[in-house]
């Protein structure tokens, strides 16, 4: 499915269009926090990765981490966006238990990255452009644990002050599927350039989803925001649920209240967030503890030049240079680790064969083991060696599949497995001839059938018998050729 | 013989170098003075054991020949500076019991140079005030009393600092200046107080009031003392993004006494119609002194002066409303329970903040709130640009600017309590330089008809504290201000 | 423009300061006086004036990405009114 067609939702009173905008919060892969020297590592004991700055001790001051600025610029470049060499940090003021300063340092009027565009790819090969409104740098808040004590909330500030990039899309998406494709694309891009690990389970990437509905062609409807959604699937479910909820209200003659809603992934529904009910007045103003962020265009140019190949470029290259179909290329570039793996396998080998092995055989084996490509038991070099064994007729494609099964289990080199198990293809025509002579001698009926032309398929039966006799190792081409000669 | 506590910093250092006395002896004399002066209410926390330990260390370093430039000098520290392991309150109830695990950069610099801490001194709560009457720990009294014997406020917000130094309960003290909080109390207490260029002293570890204006500085008994102490306090700090990486000159060496040919600007806008005659007369006297020393006097204009105070009273409360959001009963200080997080916040902050702090937080919240930002905060920041440009333009034709420090001598307790604006007007001469970030010093230059000290203010170019101090030294010598408050607080009239 | 009791109550809530009903009126009066006084700024035409961003004429310094802080939970928690198992503890928040 692609943009423009069949994205409308049928209601009782006619069709509706859902309009979706996404705010992605991507944690920058830095060692230290945005404004302090505390570690950003995930999973530490509570409050052990907290500096006095992160805990908002009186008199503490922020100093910006250059790496975070650099990654924001790189991400902006990868999103094809405008980089602003002058940007300003503002304070966003609100009270919350896990916001120790009573404000979040963010960028409001003058963000580091301005407008850009990304292209979404769909399975049918169609694409859609989605506008990026902006990307800005901001601090993450701490973490509130509400379920540890009957009357208290516990606060862990380990995340407090970790650098986030907030990437804001234009309201360009029209279905949960498009929103999913958008999130996957953002994730792919940040993972390609290494600015964020894209790990949604650990909260390194979260999305705020804005949903409204309208009659096709009409003005935008009132939107609701679902905050902090930490999986693409949940985001899509939340959109489906929320669109339906809004349509039901409107069709019953009601109106949508602009509000922040919580997506409950257990119940699969959204509901009003009590803590966010009141209207916000964030009282943004430039943070007087910081000066405007300024850097030279030459630094931006340098970073642009050093940017790795981006997924769209890589996909185009795989299609143009290696003649891969769009579907294969799309899958191979979807994760930087897959692309890297594939490129090692394909190097100096047939691109399509390599693609088939990675997409079909390797992915199936990894799925079965619940493993990702980074902990694949078969290295890309080993998979390449396996393909080489087929190419140079050492083994047949059929045998290769068996060898691969063993490789997955043992991580052994394919040549070693072939050697140890004696799987080398028999190309010695003398040996094959011997087997054929024996089979012809043992099966006069079939020889007659073949000779009489009454059953031309019987040749297949002979091939099977030879393969059986050779335990599959006879070179199929040689078998065919010799059989035809012998049977006349 | 002069009492040890009567010595200026420069003289005390000379005495220590000369082995006339030890730092332990000097410190003991001050510890006794602090204990004898509690009726002034300057100190909120005394640290005599720490002081004597530091003094002994200073004596040892002097004996070893490794003494720093302030070795053995007992100081009072404004309770806005975070001091490791020592109660730090900003004179606010909301910081009850707060004992930092860190030391501010400026006090660290002082201890590095051998200074000794006598204790923490009172201030207007969170440095918001001009009389030191808003301290949670009670008003501080000015050691100076009017001729009629009635008490006077020490000024603020560094009122405890000024009172402690004026009463010889510290050789000198740290202050902080946001809109005049060093210069005005120095003026009220007959002392020297310098607000350096914004960015000269690190703000790290100093509890924030208004971040774009706050600047640490010393309050001392002489210009030379100010030069010595500023040299120790100042310096680049990588932990403060607004700290400037420029070398600290030898300020004491700048006190050459030679200001011949120097151009001194006299801004006509500071000649307020309703200013007391004695203030204007003292100002004229200052002009004459500088002229006599060979300076050239130039009439200048700082056209946006009258807008400085209203600008300040938008910018400072706005920043304060945000800076003080962290006092929420979660991480430190006071917590007043409530049945929800929000009610705990609101209860804690209502009980923890005094009236003036609450007023400024509310004003600041209002001027930043949706729909008012442009009319107030943005407007004020534009005025601030104009005010800074005024100074830039003026410094094209002069090297320093001479003005009065405050529109009056020290006033009586409660005198401006009912009307916030009349209290704010105390800062009319000091606020413009704060908004522009330029350095300013107050020097005691005479006595009012009531027998109270009056100060003159010199403003300089950014990072030209040397010229400011040099001219201040000349004024100091010409004024020859030797008056001292009588020792009513000790009962010792000697 | 004038600040009324409701506005004071709204700002007080934004600032999370409990202001008793009986004080709203007098605080509104104080705020109105101050706002009327600062209103003189409107006399100045500032159409072509850039707002001040900082009096410091310097560039924002950027530090290196090095972990050199943290690991001081005791220092972080030692002044807290209430802690539990290494966490700050506050009255329960309902989402």
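Suppose the filter is within 25 Å of residue B:316 (Cα to Cα) and surrounded by 14 or more Cβ atoms within 10 Å (Cβ to Cβ); does residue B:230 pass it? When the stated conditions are applied, residue B:230 passes them.
Scanning region A:67-96 for residues that are assigned to a loop (DSSP other than H, G, I, E, B) and either more than 9 Å from chain B (Cβ to nearest Cβ) or over 21 Å from residue A:284 (Cβ atoms) (or both) turns up A:79, A:80, A:81, A:82, A:84, A:85, A:88, A:89.
Please pick out the residue among B:370, B:375 that is assigned to a loop (DSSP other than H, G, I, E, B), within 14 Å of chain A (Cβ to nearest Cβ) and more than 30 Å from residue C:81 (Cβ to Cβ).
Within the list B:370, B:375, the selection yields B:370.
Residues of region B:173-189 include none that is closer than 20 Å to residue B:419 by Cβ, modelled with pLDDT of 95 or more, more than 11 Å from the chain's Cα centre (by Cα) and in a loop (DSSP other than H, G, I, E, B). All of B:301, B:321 fail the test of being within 14 Å of chain A (Cβ to nearest Cβ) and in contact with a helix residue (DSSP H, G or I) (Cβ under 7 Å, 6 or more places away or on another chain), apart from B:321.
Checked against the criterion of being assigned to a helix (DSSP H, G or I) and over 23 Å from residue A:397 (Cβ atoms), the candidates A:360, A:340, A:353 yield just one match: A:340.
In this structure, does residue B:365 turn out to be within 16 Å of residue B:308 (Cα to Cα) and within 9 Å of chain C (Cβ to nearest Cβ)? Against the criterion (within 16 Å of residue B:308 (Cα to Cα) and within 9 Å of chain C (Cβ to nearest Cβ)), residue B:365 does not qualify.
Tell me, yes or no, whether region B:379-392 has at least one residue that is over 28 Å from residue A:54 (Cβ atoms), facing chain A (nearest Cβ under 9 Å) and in a helix (DSSP H, G or I). For region B:379-392, residues over 28 Å from residue A:54 (Cβ atoms), facing chain A (nearest Cβ under 9 Å) and in a helix (DSSP H, G or I): present.
Please state which one of A:354, A:346, A:329, A:364 is within 25 Å of residue A:122 (Cβ to Cβ) and surrounded by fewer than 14 Cβ atoms within 10 Å (Cβ to Cβ).
Working: A:354 fails: surrounded by fewer than 14 Cβ atoms within 10 Å (Cβ to Cβ); A:346 fails: surrounded by fewer than 14 Cβ atoms within 10 Å (Cβ to Cβ); A:329 fails: surrounded by fewer than 14 Cβ atoms within 10 Å (Cβ to Cβ).
Only one candidate qualifies: A:364.
If you go through region A:245-258 and keep only what is surrounded by fewer than 16 Cβ atoms within 10 Å (Cβ to Cβ) and either in contact with a strand residue (DSSP E or B) (Cβ under 9 Å, 6 or more places away or on another chain) or touching a residue at least 24 places away in the same chain (Cβ under 8 Å) (or both), you end up with A:248, A:251, A:255, A:257, A:258.
Within region A:39-58, is there a residue that is buried (at least 24 other Cβ atoms within 10 Å of the Cβ), within 14 Å of chain B (Cβ to nearest Cβ) and part of a strand (DSSP E or B)? No, because not a single residue in region A:39-58 is buried (at least 24 other Cβ atoms within 10 Å of the Cβ), within 14 Å of chain B (Cβ to nearest Cβ) and part of a strand (DSSP E or B).
Against the criterion of being over 23 Å from residue A:337 (Cα atoms), at pLDDT below 90 and outside the structural domain of residue A:199 (by TED's automatic domain parsing), residue A:399 qualifies.
If the condition is being closer than 18 Å to residue B:279 by Cα, within 14 Å of chain C (Cβ to nearest Cβ) and crowded, with 24+ Cβ neighbours inside 10 Å, then region B:428-439 contributes only B:431. When A:321, A:301, A:313, A:289 are checked against the criterion of being within 14 Å of chain B (Cβ to nearest Cβ) and either surrounded by fewer than 17 Cβ atoms within 10 Å (Cβ to Cβ) or touching a residue at least 60 places away in the same chain (Cβ under 8 Å) (or both), a single residue qualifies: A:289.
Yes/no per residue for (1) more than 21 Å from the chain's Cα centre (by Cα); (2) assigned to a helix (DSSP H, G or I); (3) under 24 Å from residue A:45 (Cα atoms); (4) not assigned by TED's automatic domain parsing to the domain that holds residue A:89:
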{"position": "A:141", "(1), (2), (3), (4)": "yes, no, yes, no"}
{"position": "A:159", "(1), (2), (3), (4)": "yes, no, yes, no"}
{"position": "A:165", "(1), (2), (3), (4)": "no, no, no, no"}
{"position": "A:171", "(1), (2), (3), (4)": "yes, no, no, no"}
{"position": "A:178", "(1), (2), (3), (4)": "no, yes, no, no"}
{"position": "A:185", "(1), (2), (3), (4)": "no, yes, no, no"}
{"position": "A:188", "(1), (2), (3), (4)": "no, yes, no, no"}
{"position": "A:207", "(1), (2), (3), (4)": "no, no, no, no"}
{"position": "A:250", "(1), (2), (3), (4)": "yes, yes, no, no"}
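I'd like to check something: does region B:198-210 contain any residue that is without any contact (Cβ under 8 Å) to a residue 40 or more places away in the chain and farther than 24 Å from residue B:159 by Cβ? No, region B:198-210 has no match at all.
Residue A:280 fulfils the conditions (1) in contact with a helix residue (DSSP H, G or I) (Cβ under 7 Å, 6 or more places away or on another chain); (2) within 14 Å of chain B (Cβ to nearest Cβ); (3) loosely packed, with under 13 Cβ neighbours inside 10 Å except for a single criterion, (1).
Of all the residues in region A:437-488, those that are in a loop (DSSP other than H, G, I, E, B) and loosely packed, with under 15 Cβ neighbours inside 10 Å number 7. Whether a residue is modelled with pLDDT under 95 and either buried (at least 24 other Cβ atoms within 10 Å of the Cβ) or farther than 21 Å from residue B:454 by Cα (or both) was assessed, and residue B:156 passes this test.
Evaluate the following for residue A:402: is it more than 25 Å from residue A:464 (Cα to Cα) and either touching a residue at least 40 places away in the same chain (Cβ under 8 Å) or surrounded by fewer than 18 Cβ atoms within 10 Å (Cβ to Cβ) (or both)? When the stated conditions are applied, residue A:402 does not pass them. Of B:147, B:193, B:159, B:175, all but one fail to be within 22 Å of residue B:416 (Cα to Cα) and touching a helix residue (DSSP H, G or I) at 6+ places or on another chain (Cβ under 9 Å); the exception is B:159. A single member of A:64, A:28, A:20, A:105 is away from every other protein chain (no Cβ under 11 Å) and either closer than 30 Å to residue A:217 by Cβ or in contact (Cβ under 8 Å) with a residue 24 or more places away in the chain (or both), and it is A:20. Can you find a residue that is away from chain A (no Cβ under 14 Å), over 20 Å from residue A:288 (Cβ atoms) and modelled with pLDDT of 95 or more anywhere in region B:195-217? Within region B:195-217 (the criterion being away from chain A (no Cβ under 14 Å), over 20 Å from residue A:288 (Cβ atoms) and modelled with pLDDT of 95 or more), the answer is no, since none of the residues qualifies. When every residue of region B:333-352 is checked against the conditions, at least one turns out to be surrounded by 24 or more Cβ atoms within 10 Å (Cβ to Cβ), assigned to a loop (DSSP other than H, G, I, E, B), within 13 Å of chain A (Cβ to nearest Cβ) and at pLDDT 95 or above.
What are the residues in region C:9-52 that are in a helix (DSSP H, G or I) and at the interface with chain B (Cβ under 7 Å from one of its Cβ atoms), if any?
Within region C:9-52, C:11, C:12, C:14, C:27, C:30, C:31, C:33, C:34, C:37, C:38, C:40, C:41 meet the criteria.
The values are calculated or read from the model by the stated rules, or taken from the named source; none is laboratory data. All figures in this text were calculated on a predicted structure; none of them were measured in a lab. Note: ideal-geometry Cβ built from the backbone for every residue, glycine included; neighbour counts use all protein chains shown.
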